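Notes follow the structure.
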Amino acid sequence: MNNNNNNKATEKLMKSINWQELDGWMTGLLFVQIRALGIFSQTGVAEDPDTLRQQAGITERYRRWWDECLRILQSGGYLQCADGLVSVAIEPEAGDAVWQAWDQHKQRYLDDAELQTSVNLVDACLRQLPGILRGDVQATDILFPSASMANVERMYRKNAVVDY
């Protein structure tokens with residue numbers, strides 16, 4: 001594929017996907033999975049972020065990830081951060097209901113060959129996130145099951161964005 005065709009494919013992909021909507025789904029699912037760790041069960045209760053991390057069983061290894069997670073959830077409107085404390089900003093939906101809605105909606109993204117790999121990887125990682133953060137599951141086992149590159153192969157080739 002020549003560079004001009006790559007540009008056209010990339011432009012088409014960027015215009016055809018509502019990236020803000022997809023980001024909203026990922027942020028919502030992130031919130032569901034963080035809540036599955038037994039924290040953020042009540043709105044308006046201000047708590048220390050590091051205490052929450054420890055209560056959730058998130059290992060020290062993921063401290064920087066935790067800080068970024070809080071920033072993302074605050075930016076998405078799920079959390080409020082003030083005076084070094086964090087609290088739930090909205091009444092959370094039931095996790096099962098959010099996952100069911102996502103399972104129905106994600107097919108729109110899977111129908112796009114350019115997005116299949118990314119959506120499948122993010123979906124698989126989010127589903128396993130509690131175990132990853134607690135150290136029960138290695139993220140590499142999700143990305144590369146049985147040391148296979150099959151799950152990530154299209155991230156690196158035959159992809160309009162990567163080939164660009």
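So between GLU91 and ALA46, what do we pick up on full extension, going 0.36 nm a residue minus the alpha carbon distance?
Between GLU91 and ALA46, full extension yields 14.8 nm more.
Working out 0.36 nm times the residue gap between HIS105 and GLN74, then minus their Cα-Cα distance, what length gain in nm do you get to one decimal?
Length gained, HIS105 through GLN74: 8.8 nm.
FYI, it's all coordinate maths here, none of it is from the lab. Note that the structure is a prediction, hence the values are computed from the model and not measured.
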